[in-house]
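The structure appears below as C-alpha cells.
Please treat every number below as a calculation from the coordinates, not as lab data. Keep in mind that what you see is a predicted model, and the values were worked out from it rather than measured. Please note: Cβ atoms are built from the backbone with ideal geometry, for glycine as well, and neighbour counts cover all protein chains shown.
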Amino acid sequence: MNFNGHELFKAFHRIKKSSMGRIHKEFMQDLKPHEFFMLKTLKKMYDEEQNTALNNKLPLAPGVKISQLSRETAISMPGVSQTISTLEKHGYVQRIASSKDRRLVYVNLTDAGRQLETDVSKSCFQIYDEAATLLGEEDTRALVLLLDKLTVAFDQIDRKQGDQNQNEKAERKTT
C-alpha cells in the first residue's frame, strides 16, 4: 500500500473516533466535542490570566472576554457566543457583566463546568495511559517523536502558506 496524506488523515480520524467516542459516551452525553473543547479553552485561558494577575499583582478579571476566546480558538464571535450559550444552558459556564461597563461581558466556568472539565481530562489521560501501556515504552516514544515531526511539518506548511499569502497581497497592491 502506498501511504500518502489521505491515509494519514484517515488514520487520525480513526484515532479521534475511537478515543473521543469512548470519552463522549462516558462523560459528555449532553455536549458536542467542540463545546467541550471551548470549555477546556476557557479554563486554560482563565488559569493563565489568574497566574498573570498573581505574578504581576494586578486585579483579576471575573472571566474571559468572548473576543479573547474568539481569537484563541479562531472561531467567529457569533460562533463562540452560540457555543457559550449552549454551555450556559447546561449550567457549565456563566456570563458576568462588567460592573464598570455593562457592554463588557466575561465568561467563566461554573462549579459544574470545572468538575466536567476535570472528569473528562482525567478520563482522557487514563485512556492514553492505557494505550501507552499496551503499545509499550519503545513504540510510544517512537510515536511521540513522529507526531512531533508531523507538528514541525505542519508548522512549515503554515509558514509557507503565510508567505505565499503575503506575496499575493503585495502583488495586488502594486498592480
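Numbers for the structure displayed
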read-out	value
Fluctuation leader among 150, 54, 109 - the chain, Gaussian network, Cα springs under 10 angstrom	150
Set 17/43; 10/44; 32/169; 17/89 screened for pairs whose C-alpha atoms are more than 31 Å apart	32/169
In nm, spacing of pseudo-spin labels at residue 134 and residue 88 (7 Å Cα→C-beta vector)	4.1
Computed over the chain, Kirkwood Rh from alpha-carbon pairs, angstrom	19.5
Dipole of the range 5-135, positive end: most advanced residue of 77, 108, 41 [Cβ charges, Cα centre]	77
Simple spin-label estimate for residue 17 and residue 147 in nanometres, 7 Å along Cα-Cβ	1.9
The chain: most fluctuating residue of 104, 146, 60 per GNM, C-alpha cutoff 10 Å	146
Within the range 24-58, trypsin sites (Lys or Arg not before Pro) in DSSP loop having at most 12 other beta-carbon neighbours inside 10 Å	57
Long-range amide H partners of residue 93 with built H, under 5 Å	88, 110
Rg/Rh for the range 72-150, where both radii come from Cα atoms and Rh is the Kirkwood radius	1.19
Exposure proxy order (Cβ contacts within 10 Å, fewest to most) of 128, 106	128, 106
GNM result for the chain, Cα springs below 10 Å: residue of 121, 18, 67 fluctuating most strongly	18
Assigned charges on the beta-carbon of Lys, Arg, Asp, Glu; the chain dipole about Cα centre (debye)	760
